[in-house]
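The values are calculated or read from the model by the stated rules, or taken from the named source; none is laboratory data. Every value quoted in this text rests on a predicted model; they were computed, and no experiment measured them. Ideal geometry is used to build each Cβ from the backbone, glycine not excepted, and the neighbour counts take in all protein chains shown. In case anyone asks, the SASA skips ligands and DNA or RNA and just uses the protein heavy atoms, side chains included. Shrake-Rupley method; radii C 1.70, N 1.55, O 1.52, S 1.80 Å.
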Amino acid sequence: MRLATITNWAYGATVVLTVASGATMILASNAQDRERASVEQRYRLDQATERLEGEIFALTDHARQYLQTGDPTYRILHQRDAAMLGSVEARIRRLGDAGAGPGELAALAGAMRWADTLLDEQREALAAHARGDESRARAILFGAEYEREMDRAKGMVERFQYQLDQRTEGQVAAATRAASLWKTISEIALAITGVLFLCVLFFIFRQRVLKPVVRLSDVVNRLAAQDYTIPPPYLGHIDEIGDMAQAIRVFRENGLARQRLEEERDADRRLRDLLSRMTQRMQGCDTLHDLKEIVRRFVPEIASDLAGRLYLLDSSRNAIVASCDWLSPSQSQDEFPPTSCWALRRGLPHRPAGQSVDVPCGHLDLAVGQLADTVCLPLTAHGEIFGLLYFEPRPDLEDVAATPDTYLTILAENIGLALANLRLRDQLRAMAMDDALTGLSNRRQLDATLEHAIALAERNGQPISCVMLDVDHFKRFNDSFGHDAGDAVLREVGSVLRGAVREKELVFRYGGEEFLLLLPGVDAEHATARAEEIRTRIAGLRLVHEGTALGDVRASAGIATAPAHCSADRLVQTADAALLRAKTQGRDRAVVAAASKVRSAA
């Protein structure tokens with residue numbers, strides 16, 4: 001028998017028992033409603049009885065207070081309360097409407113008649129008082145007969161209440177018994193329903209569920225622990241257990257697929273994080289050396305299955321030169337012309353093997369007939385080629401997943417943009433720090449270089465000299481031959497100065513026709529010799545501009561050395577003062593600054 005058939009029979013029996021239990025609950029609820037109705041009726045009748053008893057004694061009190069005090073207010077209150085009383089039949093009818101029985105109403109009617117008798121005696125006593133017969137009035141209201149009549153009325157009211165209590169208690173007891181009976185029947189029906197349900201559960205779990213579930217439990221536990229290697233057992237039941245086994249097989253297959261997708265997603269996220277970090281680091285690079293270190297550190301992590309090399313374009317030699325490599329590439333040359341690479345020719349990624357056969361690049365060292373699965377990615381930005389990113393497979397790896405071509409392309413794009421940014425930054429720095437006319441460093445660069453050079457000289461305990469040089473009568477070249485000729489003179493003088501020092505960063509165009517040389521580690525004597533040599537070279541210049549000889553070029557120089565002549569922070573000013581002395585002494589000479597007074601005294 002199928003589980004569905006057993007379940008349907010059990011469901012039908014459960015529904016029948018549930019309906020029976022619900023009906024008994026409804027009957028029990030009705031009995032409880034009758035019990036509550038009896039209690040509410042008793043409460044209403046008690047209130048009516050209390051009002052009646054209160055009326056009897058209230059009228060007596062008002063009449064007696066009037067006789068005692070003579071206050072007309074009590075007489076008015078007595079008349080008002082008496083007027084509000086209806087007939088005995090009307091008052092009994094109200095109590096009958098409230099639920100009082102005939103016997104109870106008969107007892108209460110006697111009490112009302114005695115109350116009316118008392119009311120007549122009260123009126124007679126008030127009339128006697130009004131006639132001035134005070135003794136008669138008092139005899140009526142305070143006499144023994146009046147008290148006996150009040151006791152009779154009170155006794156009849158108490159009898160009514162006793163009868164009412166007896167009837168109400170009987171009704172409540174009957175309703176309680178009925179409610180208890182129906183409740184017991186309902187509980188029995190619910191108990192039978194529970195026993196039937198437990199029996200069905202026992203049969204299902206013992207015969208058709210427990211054994212297969214025990215076989216499936218280990219599979220489910222291991223699948224819950226995301227261990228999808230265990231094969232699920234095959235169950236031939238054509239029922240829910242068989243469907244469960246089939247569902248477990250489907251769940252295992254979906255789990256394996258989801259596990260593969262999660263691994264791919266985690267690998268993809270890791271690659272994206274590495275690419276993002278690499279791009280951020282490259283954006284913060286200040287030098288090409290920093291960029292090479294970043295590429296050599298991050299690219300093997302991103303493309304761990306590929307060895308590679310970063311090539312940069314050497315424009316002066318028109319060659320592609322290896323800048324750095326990782327994981328020991330061996331199939332590409334260290335240097336080759338740009339025309340040897342099809343990626344650089346076409347400006348597109350080039351892969352000679354793979355899904356489509358293509359021509360191998362000329363810079364690959366391949367045996368005859370060998371076709372390597374290499375990847376060449378041009379490094380371009382803003383339509384300009386900066387180099388090449390080269391990859392080749394690693395022969396020592398077989399099980400490592402291949403890096404998607406998309407990430408290799410993103411790598412090349414980011415590196416190309418970083419190279420373009422570095423070049424643009426260098427160009428902007430050169431424009432900001434170099435003099436456009438002479439190619440020498442400008443005064444802005446002097447401020448940064450001078451501070452560093454002075455600090456280095458003081459730390460090493462070495463002197464530092466400064467030569468300030470000015471072209472004599474420079475205005476003559478502009479006035480006689482034009483400003484282009486004057487610019488030509490300045491360019492040649494700058495060339496002489498650049499050739500006089502080992503590092504061109506130590507030669508500056510100070511302003512106009514003035515130039516400045518920094519000589520770290522050089523004392524005053526050698527600085528003077530260097531200035532004389534430069535002045536002699538300038539005097540030997542024979543310049544021709546547009547076919548016209550410009551004549552002799554002469555220069556004056558001022559030399560200052562720290563700490564021999566001045567403090568380090570006054571080095572340029574002291575050299576400028578020495579230059580001024582050279583000009584006042586006749587120009588075309590080199591003058592050394594005088595030592596400070598404090599140092600001379602020492």
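With K and R counted +1 and D and E -1, the other residues having a Cβ less than 14 Å from that of C466 yield a net charge of -4. Full extension of the chain segment joining R36 with E253 gains 71.6 nm, where the gain is 0.36 nm per residue of separation less the Cα-Cα distance. Take C466: with every protein chain present and a 1.4 Å probe, its accessible area is about 0 Å². Extending 7 Å from Cα along the Cβ direction at E187 and again at R159 yields two label points whose distance is 4.4 nm. For D268, the accessible area of its heavy atoms, probed at 1.4 Å with every protein chain present, is near 50 square angstrom. Applying 1/(1 + (r/R0)^6) with R0 = 25 Å to the Cβ-Cβ distance of Q462 and T287 gives a FRET efficiency near 0.40. Using a 1.4 Å probe and ignoring any ligands, DNA or RNA, find the accessible area of I410 and quote it in Å² to the nearest 10. Taking all protein chains as shown, I410 has close to 50 Å². Computed from the C-beta positions of R498 and Q280 and an R0 of 41 Å, the FRET efficiency is 0.60 to the nearest 0.05.
Cα convex hull, the range 514-602: 101 Å³ per residue, rounded to a whole number. Of interest is the spacing of the C-alpha centroids, which for the range 422-498 and the range 66-84 amounts to 130 Å.
Sorting the segments 174-181, 256-263 by their mean number of nearby beta carbons within 10 angstrom, highest to lowest, gives 174-181, 256-263. Taking only the Cα atoms of the range 284-404, the radius of gyration and Dmax are 14.2, 45 Å.
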